[in-house]
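What follows is one structure encoded as structure tokens, with my remarks underneath.
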Amino acid sequence: MTLSTGATFSVEEVASTGPAIRFLQLYMFKDRNVATQLVTRAEKAGFKAIVLTVDSAVFGRREANIKNRFTFPSYVRLKNYEGMGLDRTKDSSPASIINGIYDRSLNWKDVKWLQTITSLPIILKGVITAEDTKLAIQAGAAGIIVSNHGARQLDYVPATITALEEVVQAAEGRIPVFMDGGVRRGTDVFKALALGAAGVFFHLVPYFSFPNHRHYPRGLLPVLRKLLQLDLGFVSSNST
């Protein structure tokens, strides 16, 4: 699983729930000390990789948020940020918070910088072109997640399943390529694997669409696995 830095549970709280393979998703902060502290905490908590989001240095025009006048409720606590000088402003909209603390100048040198503060592998999330795939490998990325941030960042961005094959071909097997976005059923997993993905990630939609989602992922993951096994059966494969 991948824990967002903006989660309502801290790195330490999640780690205390028991053994698992966990990655920490990271944005690049204007204050590099914040990033350093978060990475150090993830290492101490036994996280296995850092997932740097590279498609959100600039916050997109999310019209649904604007239409609904969405703000973070006062009771929502971004636990990883507590005690790090990232106190909320009066404007608690996502755009205000993100534009206030994330570094808009994010570039490939920041990937190199991350490698100087951690021995954990760095996976880049948000790569959707062959050109950026090659640059990511040159910068020392240990993996790529083909992601369009739920298509919320930029109008007309390609679907991740459409971009996946181009990225896989550009990687040439040098690093693993994963995909997120649009994963709802076993057939979605099957298509991604068939196009060369090493695995897939999924987020809130399948979580909340699953009956009694409080039991996630204990309930949802077996369902997806069974659906994938069924799909594999249609192509005479039992491998999962």
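The values are calculated or read from the model by the stated rules, or taken from the named source; none is laboratory data. Note that the structure is a prediction, hence the values are computed from the model and not measured. We place every Cβ from the backbone using ideal geometry, glycine too, and count neighbours over all the protein chains shown. Just the protein is used for accessible areas: all its heavy atoms, side chains included, with ligands, DNA and RNA removed. Shrake-Rupley method; radii C 1.70, N 1.55, O 1.52, S 1.80 Å.
Summary table below
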read-out: Simple label model, 7 Å out from Cα along Cβ direction - residue 185 to residue 221, nm; value: 2.3 nm
read-out: Candidate lysines for bridging to residue 134, where Cα separation is under 28 Å - those fewer than 8 sequence places away on the same chain excluded; value: 30, 48, 109, 112, 125, 191
read-out: Packing-based ranking, highest mean first, of 166-177, 66-77 given that Cβ atoms within 10 Å are counted; value: 166-177, 66-77
read-out: Geometric extent, Cα atoms of region 22-63 - Rg, Dmax (angstrom); value: 12.0, 39
read-out: With every protein chain in place, region 2-208: carbon and sulfur % of accessible area (1.4 Å); value: 55 percent
